[in-house]
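Asker: Quick one: the structure is below, and I'll ask about it shortly.
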Amino acid sequence: MGFVHSWILLNCAAIILLLPSLCYPETAPYSTFARDATAAPQEAYYDYIVIGGGTSGCALAATLSQGSKVLLLERGGLPYGNPTISDIRGFALTLADISHSSPSQLFVSTDGVINHRARILGGGTAINAGFYSRASSDFVARAGWDPQLVKESYEWVEKKIVFEPEVKQWQSAVRDGLLEAGVLPNNGFTFDHLIGTKIGGSIFDKNGHRHSAADLLEYAHPSNISVHLHAIVQRIMFISGAKPKANGVVFEDSNGMKHWAYINNGSNNEIIVSAGALGSPQLLMLSGIGPADHLEANGVEVILDQAMVGQGMADNPLNALIVPSTEPLETSLPQTVGITAFGSYIESLSGIVEFGWANSLPPELLNQSKQVNKMTRQQESPEVKAAVDSYLASNLQVGILLEKVMGPASSGHLELKTLDAKDNPKVTFNYFKDPQDLHKCVKGMETVIQVVESKAVSKFRYRTESVKFYMDFLAALPLNLRFKHLTTTFSLEQYCKDTVMTIWHYHGGCHVYKVVDHDYKVLGVDALRVIDGSTFPFDSPGTNPQATVMMLGRYMGQRIILERSS
């Protein structure tokens, strides 16, 4: 028996040494299962095909790979080894990169607001400001999610990539300023969504190094998952019948070569779209699911006339003040947040601002921006113009205070602009169309002003500069393509409308109960789900949505595994 036992142990040890990927998870950058799509087979079969290796897609694919063969298709590359992505100081540089290979793809809504969509493994978590905060218990209840599984799914994410930030001078001052302004109570450090002032989590560690949803693939079963990078999914394919059934996708690699991926036979095998609030409704339309008249007008064969695809597009409006500092400030992205009872969230950033980024827009947008800015600045007094020009000519130490409107109540729609999935669709957000949003913005900006005038923050300000000057200064910057009125800095209502920006929390286009059901299955077809922020029907969860979008990927992965085993 001793010999047999020893023989078994030796052979097991040999197997472990020879096949480590079968026994141990793999760390980034995933050399055994992540490769450029040019190396993908022309045709292959899987149990699940996940389209979009972003905030939800990475968590979802990692979870599903524990018991099934999974293909994850990502239109961008790896986030590793790029200092503008990995270092906290590269945040603005990533957004300013407008090259064709940029991890941040620029788009401008029809409202004249400059925005970005991620084009990299890890999605928005690889290019965002890193703030991590869970959704409110009310949001979880309205979504109909299991609270215990939600909690476990958040913790699964947090164990891998979330940290308690080191709060330094500017963020501490903003925290104290919020408390002076009456945003109470002081909730300290917490991931939870609580009325008052708190310090949230961060996906930047103590060294300022970014961790992203791409790191969640370290949870994946290496021999069960394939990740194809620079893979542009052009359409989902369907088997016709009484009810169309998704059975595969066509994707292009960076050389323009086409590849086909199919799901294996079996009632539980599926295609899951996690391409984000722009990409998911766009891909459904390109695949023939959407408003029939719009699809036909663009030459797309209609698989399912679904009028609600692309509807309900919303982006939380952001407005801000820039406060030049009398002393050096740490480089910080949001850590402190004020969660007001009236529906506005107050956050802050600090560091050196270089205004040369304003010239990094594409030529056609840059010309439009300069024309709008020229008309705006003609309205300035000589004193304001001279002061603003002196600031624009230098690199400034600044603190930035911003407010984001909860919800929002206003929404718009998305339409196809071309039939190429690489191109941005046309999107309208209708900022402040609903008066509720404007009311919240005004109250939010009143709170921001109170924080700026607080004892805690005033010690960083130049004594000669007023809040009115800060409003004039921000209005002079080419932060959007909207004309500024004579009353812009005399009326908070006009200031909100004229200086509106994005906080990159857009959502909608594939709402639950309108495009997908409670289990995120696309209504009217089989073997197809959408799992990402495009499904949120009421608002963007929490102060910042990334925590909940990652949680949703893990949550639904667990639910799907349970369905498969039942």
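Asker: Could you give the length gained on full extension between Glu446 and Ser137, defined as 0.36 nm per residue of separation minus the Cα-Cα distance, in nm?
Answerer: Going from the current span to full extension adds 108.5 nm.
Asker: A further question follows. Please state the shape class of region 343-486: rounded when a/c is under 1.5, otherwise prolate if a/b exceeds b/c and oblate if not, all from the C-alpha gyration tensor.
Answerer: oblate
Asker: Can I ask one more? Convert each backbone phi in region 471-477 into a coupling constant with the Karplus relation 6.51 cos²θ - 1.76 cosθ + 1.60 (shift: θ = phi - 60°), then list the ³J(HN,Hα) values in order as whole Hz, x for Gly and Pro.
Answerer: Here the 3J(HN,Hα) series is 5, 4, 4, 5, 4, 7, 8 Hz.
Asker: Using 7 Å Cα-to-Cβ label points, what is the Ala242/His518 separation (nm, one decimal)?
Answerer: Those two pseudo-labels are separated by 2.4 nm.
Asker: Rounded, prolate or oblate for region 341-415? Axes are the square roots of the Cα gyration tensor eigenvalues, ordered a ≥ b ≥ c, and the cut-off for rounded is a/c under 1.5. Could the numbers behind the result be given before it?
Answerer: Values: a/c = 1.83, a/b = 1.31, b/c = 1.40.
Oblate shape, in that a/c is at least 1.5 and b/c is the bigger or equal ratio.
Asker: Turning to a different aspect of this structure: For Gln66, list long-range residues whose amide hydrogen, built 1.01 Å from N in the peptide plane, is under 5 Å from its own amide hydrogen.
Answerer: Amide H to amide H, under 5 Å and 5 or more residues apart or across chains, Gln66 pairs with His221.
Asker: If we count chymotrypsin sites (Phe, Trp or Tyr not before Pro) as exposed when they sit in a DSSP loop and have at most 14 other beta carbons within 10 Å, what is the longest stretch of the chain that avoids them all?
Answerer: The longest uninterrupted stretch comes out as 1-341.
Asker: Once you put a point 7 Å from the Cα of Leu392 and another 7 Å from the Cα of Gln66, both along the Cβ direction, what distance in nm separates them?
Answerer: With each label point 7 Å from Cα toward Cβ, the separation is 5.5 nm.
Asker: Continuing with the same structure: Each residue of region 550-563 in turn: what ³J(HN,Hα) in whole Hz from Karplus with 6.51, -1.76, 1.60 and θ = phi - 60°, glycine and Pro shown as x?
Answerer: Values per residue, Gly and Pro as x: 5, 4, 4, x, 5, 4, 6, x, 5, 5, 5, 4, 5, 4 Hz.
Asker: Just grab the label-to-label distance for Leu149 and Ser491, each label 7 Å out from Cα along the Cβ direction, in nm (one decimal).
Answerer: 5.0
Asker: Okay, moving on. Taking the 0 to 90 degree range and rounding to the nearest ten, how far is the long axis of helix 382-392 tilted relative to the main principal axis of the chain, both from C-alpha atoms?
Answerer: For 382-392 against the chain, the angle is about 40 degrees.
Asker: If amide H atoms are built 1.01 Å from N in the plane of the peptide, which residues on other chains or at least 5 residues away come under 5 Å of the amide H of Val273?
Answerer: Sorted by chain and number, the residues that satisfy this are Ile51, Arg529, Val530, Ile531.
Asker: Just the accessible area per residue of the chain, please: how many Å² with a 1.4 Å probe? Don't skip to the end; give the middle numbers.
Answerer: Details: 22630 Å² over 566 residues.
On a per-residue basis, 40 Å².
Asker: OK, next. Pairwise over distinct Cα atoms, reciprocal of the mean inverse distance: report the Kirkwood radius of region 186-230 in Å, one decimal place.
Answerer: 13.7
Asker: If r is the Cβ-Cβ distance from Lys433 to Asn207 and R0 is 35 Å, what FRET efficiency results, to the nearest 0.05?
Answerer: That gives a FRET efficiency of 0.20.
Asker: Still on this model: Just the ratio, please: alpha-carbon radius of gyration of region 186-316 over 2.2 N^0.38 Å, N its number of residues.
Answerer: Computed over Cα atoms of region 186-316, the ratio equals 1.43.
Asker: Okay, next question. Rounded to a whole number, what is D in µm²/s for region 235-372 from Stokes-Einstein with the Kirkwood radius over alpha-carbon pairs (37 °C, 0.692 mPa s)? It would help to have the intermediate numbers written out before the result.
Answerer: Working: Rh = 20.3 Å.
Value of D from the Cα-based Kirkwood radius: 162 µm²/s.
Asker: For the chain, just run the numbers: alpha carbon Rg, then divide by 2.2 N^0.38 Å, N being how many residues it has.
Answerer: The chain yields a ratio of 0.99.
Asker: Sketch the reach of a paramagnetic label on Ile352 as a point 7 Å from Cα along Cα-to-Cβ, and name the residues of region 387-420 whose backbone nitrogen lies under 17 Å away.
Answerer: So the set is 391-400.
Asker: Would you pull out the residues with amide H under 5 Å of Asn264's amide H, same chain only if 5 or more places away, H placed 1.01 Å from N?
Answerer: Amide H neighbours of Asn264: Tyr46, Asp47.
Asker: Okay, next question. Pick out, in residue order, every one of the trypsin sites (Lys or Arg not before Pro) in region 149-242 that is DSSP loop and has at most 15 other C-beta atoms within 10 Å; say none if there are none. Write down the numbers at each step before the final one.
Answerer: On the way: sites: Lys151, Lys159, Lys160, Lys168, Arg175, Lys198, Lys206, Arg210, Arg235; in loops: Lys168, Lys206.
Hits after loop and neighbour filter: Lys168, Lys206.
Asker: Only four residue types carry charge here, +1 at the Cβ of Lys and Arg and -1 at the Cβ of Asp and Glu. Report the dipole size of the chain about the Cα centre in Debye, rounded to the nearest 20.
Answerer: The dipole magnitude comes to about 220 debye.
The values are calculated or read from the model by the stated rules, or taken from the named source; none is laboratory data. Since the structure is predicted, the reported quantities are computational estimates derived from the model, not experimental observations. FYI the Cβ positions are ideal-geometry reconstructions off the backbone, even for glycines, and counts take in every protein chain you see. The protein model used for the area step is the full one, side chains on, heavy atoms only, and it has no ligands, DNA or RNA in it. Shrake-Rupley method; radii C 1.70, N 1.55, O 1.52, S 1.80 Å.
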